[in-house]
Amino acid sequence: MQTISWMRISGLAAAATLAIAGPAMAGGTISGKVKFEGAAPKRATLDMAADPVCAAAHSAPVLAENIVVTDGALQFAFIYLKTVSGTHPAPSEPSIIDQKGCQYLPHVVGIQVGQPMKFLNNDQTLHNVHGMPKLSPQFNFAMPKFVKQKETKFDAEEVMVAVKCDVHPWMSGSIGVLTHPFYAVSAADGSFAIKNVPAGDYDVVVWQEKLGTKEAKVTVAEGGTATLDFSYAG
């Protein structure tokens, strides 16, 4: 009588399980553009004269980024899925805002709850980073020119969290805090893409600092691409 070891049986069982489960299915993508209809709003010029270091960092006038429209495309809109099922662990790599030329770069970022939020300082002057979440503890820390980075985290989902510099009143930015990774920020041409979205029906929200929010519904197929555009009017 042939003897079959338990190791071999376990291996055969594992192989059978893998065969039944099959390969993991890839998620889909939501892509599109955020548009602005009408004449582009005039952008304010930032007066940095109060700090010579800030002023010297620019050879041309610096314009506010709270609403940026180029050829009908709206930049720095935050697009995200309103509700997503399941648990999505926060990544260990940080979301980053750089302080450079006495501006927050980029003006809008996204982050997951529990993910590190890193602020860099590439300016040879003092900054004071003041985050004003309502659902997580506020943070307020000085970054002299020799302090090149600081980190913090958020405890709860919140769209959006305002951040400012208490030293330079023209410096402002926004952070979208979510429990999942399905978000994007529109590029200079208004384009965005949210990748690896599980198949299903979703409510998608777009937020813009001066123009408010809009919502739309979309269906994402496994491995497919759903196209969704948003439009604001002037």
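If you go through the stretch 203-231 and pick out every residue that is in contact with a Lys or Arg (Cβ under 7 Å, 6 or more places away or on another chain) and hydroxyl-bearing (S, T, Y), you end up with 1. For A90, work out the one condition from (1) surrounded by 20 or more Cβ atoms within 10 Å (Cβ to Cβ); (2) closer than 13 Å to V177 by Cα it doesn't fulfil. Result: A90 fails condition (1) only.
The condition (being basic (K, R), without any contact (Cβ under 8 Å) to a residue 60 or more places away in the chain and in contact with a strand residue (DSSP E or B) (Cβ under 7 Å, 6 or more places away or on another chain)) is satisfied by just one residue among K118, K100: K118. Here is a check on your reading of the model: is K145 among the basic types (K, R), in a strand (DSSP E or B) and at negative phi? When the stated conditions are applied, K145 does not pass them.
Report, by residue number, each residue of the stretch 156-196 that is among the β-branched types (V, I, T) and open to solvent by 40 Å² or more (accessible area, probe 1.4 Å). Of everything in the stretch 156-196, those that are among the β-branched types (V, I, T) and open to solvent by 40 Å² or more (accessible area, probe 1.4 Å) turn out to be V159, V167, T179, V185.
Remark: pairs (first residue in the stretch 169-182, under 21 Å from V197 (Cβ atoms); second residue outside any strand (DSSP E or B) and open to solvent by less than 10 Å² (accessible area, probe 1.4 Å); Cβ separation under 8 Å; 6+ apart in sequence or on different chains) = V177/P133; V177/F154. Of all residues in the stretch 183-218, those that are touching an Asp or Glu at 6+ places or on another chain (Cβ under 9 Å) and in contact (Cβ under 8 Å) with a residue 24 or more places away in the chain total 11. If you check G32, G22, G38 for being modelled with pLDDT of 90 or more and open to solvent by less than 60 Å² (accessible area, probe 1.4 Å), only one passes: G32. Scanning for something of a type in the set (A, V, I, L, M) and within 22 Å of F154 (Cβ to Cβ), does the stretch 98-105 turn up at least one residue? For the stretch 98-105, residues of a type in the set (A, V, I, L, M) and within 22 Å of F154 (Cβ to Cβ): present. Would you mind listing the strands (runs of 3 or more DSSP E) fully within the stretch 152-234 where at least 1 residues are within 21 Å of A73 (Cα to Cα)? Passing ranges, in order: 172-178, 183-185, 191-197, 200-208, 212-220, 225-227, 230-233.
Within the stretch 130-155, the residues that satisfy the criterion of being open to solvent by less than 30 Å² (accessible area, probe 1.4 Å) and of a type in the set (G, A, S) are G131, S136.
The values are calculated or read from the model by the stated rules, or taken from the named source; none is laboratory data. What you see is a predicted model, and the numbers here were worked out from it, not measured in a lab. A quick note on method: Cβ atoms are made from the backbone with ideal geometry, for glycine too, and the neighbour counts reach across all protein chains shown. Note: areas computed on protein heavy atoms with side chains; ligands, DNA, RNA excluded. Shrake-Rupley method; radii C 1.70, N 1.55, O 1.52, S 1.80 Å.
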